[in-house]
1. Can you tally the net charge around Glu83? Count Lys and Arg as +1, Asp and Glu as -1, for every other residue whose Cβ sits under 13 Å from the Cβ of Glu83.
2. If a/c stays under 1.5 just call it rounded; otherwise compare a/b with b/c (prolate if a/b is bigger, oblate if not). Do that for the stretch 97-184, with a ≥ b ≥ c from the square roots of the Cα gyration tensor eigenvalues.
3. Go through the stretch 17-27 residue by residue and turn each phi into a ³J(HN,Hα) via Karplus (6.51, -1.76, 1.60, θ = phi - 60°); whole Hz please, and just put x for glycine and proline.
4. Out of the DSSP beta bridges found with both residues in the stretch 33-181, what percent are antiparallel (nearest 5)?
5. Near the amide H of Leu117, under 5 Å away, which other amide H atoms are found, from residues 5 or more places off or on another chain, if H is placed in the peptide plane?
6. What does the highest-first list of 79-92, 59-72 look like by mean Cβ count within 10 Å?
7. Taking the structure as given and computing mean projected area of the Cα convex hull in nm², which label from (i) 12.5; (ii) 10.0; (iii) 11.4 fits?
Amino acid sequence: ERIKAAGHRPFTPISVTRAAMRSAPPAAFAAGGGGGRDFGSLVHKLLEWIPLEPAGADAVPAAARALAPAYGLDEDGARRAAEAVASVLALPLMERARQAARVWRELPVWFPEGSELVEGSVDLVFEENGALVVVDYKTDHITAEQALLQAAHHAPQLQLYGRGLAQATGLKVKERLVLFTVLGQAVPV
């Protein structure tokens, strides 16, 4: 009986991306081109490790070249990743993060949502004026004209993150932003 009771899971684990797909509208672009998952992983890793301060941008090209082989990327992929990260670090949004009371990068989250335990990792969260700003980096290779539609596709993921963070912290989420790294553009959702 104890073993049976210990094996009971009150929640079924599910990734935030999988849970979000249930309500997400279709993507605005056809997948492919631009480097794919490996390129995105490198960009995310750089944005996790590189200091947010303006001087951190100086380290981006060397870090990208050093890490690119671990992601199966060549010198061109490293250069493109470094350019995307440098443009992100130059955004006014990142200046807000630099000035924030608290900042978390690649923050793991788990929270109950109905009968499921939603799990994920939030790319960037910062506290501003007693409320949270949630940012999700996307390396989608899209045009500026596709940004709003593509942001709508990613919105359910950020809504889930916002609910989980509000539950965990007791703070209001005042903004949820999809940051398209290749475009250097943040879209509120």
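Where a number appears in this text, it was derived from the coordinates with a stated rule and is not lab data. The structure presented is a predicted model; accordingly, all values stated were derived computationally and were not measured. Cβ atoms come from the backbone with ideal geometry, glycine included; neighbour counts cover every protein chain shown.
1. Taking every Cβ under 13 Å from that of Glu83, the sum is +1.
2. Oblate.
3. Karplus-based 3J(HN,Hα) across the stretch 17-27 equals 5, 5, 5, 5, 4, 4, 10, 6, x, x, 5 Hz.
4. Within the stretch 33-181, antiparallel bridges account for around 70 percent of the total.
5. Thr12, Ile14
6. 79-92, 59-72
7. (i)
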